[in-house]
Amino acid sequence: MQICRSKTAIREALGGRRCEGVPIVLVPTMGFLHDGHLSLMRLARTRAGADGLVVASIFVNPTQFGPGEDLDSYPRDEDRDFALLQAEGVDAVFAPDVAGIYDPAAQTIVETTGLAHVLIGKLRPGHFRGVATVVTKLFNIIRPDAAVFGEKDYQQLAVIRTMVRDLDMGVEIIGGATAREADGLAMSSRNVRLSAADRAAAPVLARALDQAEAMAPSGITASRLRSHVRATLEAEPRAHVRSVDIRDAATLDTISGPLTRPAVILLAVSFGQVFLIDNRVIQPPQEKP
Ligand code: PAF
């Protein structure tokens with residue numbers, strides 16, 4: 001596995017194989033890898049094939065963190081990450097430092113105008129601008145045929161798909177299913193920062209989603225379902241509920257009435273300083289024949 005610290009090094013590492021026409025599949029990450037990331041690497045290998053190249057990037061992107069957020073305390077362990085990627089059969093890792101990505105004189109940003117400003121975009125202003133900009137840069141540096149992102153970051157995936165479509169980027173975007181701990185908690189690099197008591201309380205997100213999914217076939221309206229989910233979360237005293245939304249799963253448009261199309265329940269909950277998200281796509285009730 002090649003470890004490349006600069007744009008030049010990764011371009012050189014991939015250039016020859018690209019000319020041979022082998023598929024290149026990128027998995028962008030911010031490191032501190034867990035089983036969820038490793039399942040994305042496997043998905044990338046399925047797309048790339050045995051002869052293709054799977055490339056992971058590890059970069060804690062400062063532009064997607066707002067003032068007072070957890071950029072400095074974001075967990076990092078590069079040596080462990082490299083060992084995990086090597087064991088997973090990843091071909092190359094791009095792990096630059098901040099100066100290796102951002103030129104201080106840069107003047108260009110990438111932003112999806114609508115999607116970036118709703119839901120998590122409202123809670124974390126500027127977050128999706130940082131994500132879209134760094135993902136564009138990673139695509140331009142690595143020039144992958146396809147890229148894999150986790151479905152846990154549902155809105156991020158929607159932003160990236162929209163950006164790729166709008167800007168004709170020609171990169172196939174593949175979503176990977178959320179990996180979960182045995183008690184249902186969605187895997188996240190941030191989970192290690194939960195105190196023992198918060199870790200014990202955090203599966204309330206998955207529980208609230210399970211309950212909502214079980215209620216959906218009853219014909220309940222989106223706004224009543226949302227109230228149930230919120231009540232379940234608020235019954236957990238350690239959970240600070242930041243947002244509960246039910247949106248059209250394809251467009252992320254608001255829904256309040258009966259569920260007539262697939263919908264997504266989007267949760268954002270803080271435990272102390274740790275911000276967690278989770279989601280579940282639910283199907284509308286089946287029409288009786
Ligand atoms: O999902 C993440 O880890 C990050 O937002 C990403 C896509 C690597 C961009 O920094």
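Quick grid of which residues meet (1) without any contact (Cβ under 8 Å) to a residue 60 or more places away in the chain; (2) surrounded by 13 or more Cβ atoms within 10 Å (Cβ to Cβ); (3) not charged (D, E, K, R):
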residue	(1), (2), (3)
L26	no, yes, yes
G36	no, yes, yes
V54	yes, yes, yes
P75	no, yes, yes
D79	yes, no, no
L84	yes, yes, yes
V90	no, yes, yes
V93	no, yes, yes
Y102	yes, yes, yes
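Close Cβ contacts (under 8 Å, 6 or more residues apart or on different chains) running from residues in region 143-158 that are in contact (Cβ under 8 Å) with a residue 40 or more places away in the chain and under 24 Å from R247 (Cβ atoms) to residues that are of a type in the set (F, W, Y) and part of a helix (DSSP H, G or I) comprise A147/F139; Q155/F128.
Take the conditions (1) touching a residue at least 24 places away in the same chain (Cβ under 8 Å); (2) more than 30 Å from L185 (Cα to Cα); (3) away from the ligand (no atom under 16 Å from the Cβ); I10 misses just one of them, which is (3).
Scanning region 39-64 for residues that are within 14 Å of the ligand (Cβ to nearest atom), hydrophobic (A, V, I, L, M, F, W, C) and in a helix (DSSP H, G or I) gives L40, M41, A44.
Candidates are the residues of region 124-179 that are of a type in the set (G, A, S) and under 11 Å from the mean Cα position of the chain (by Cα); the one that is nearest to the ligand (Cβ to nearest atom) is G150. Restricting attention to region 107-123 and to residues that are within 16 Å of the ligand (Cβ to nearest atom) and among the hydrophobic types (A, V, I, L, M, F, W, C), the residue that is surrounded by the fewest Cβ atoms within 10 Å (Cβ to Cβ) turns out to be I109. Note on region 16-38: residues that are of a type in the set (G, A, S) and either within 14 Å of the ligand (Cβ to nearest atom) or closer than 24 Å to A132 by Cβ (or both) total 2.
One residue stands out among those in region 182-198 that are more than 22 Å from S57 (Cα to Cα) and in contact (Cβ under 8 Å) with a residue 12 or more places away in the chain: the one that is farthest from the ligand (Cβ to nearest atom), which is A197.
Any read-out appearing in this document is the output of simple, stated calculations on the displayed coordinates, not a laboratory observation. Here the structure is a predicted model, which is why all the values come from computation and not from measurement. So basically every Cβ, Gly included, is an ideal-geometry build from the backbone, and we count neighbours across all protein chains shown.
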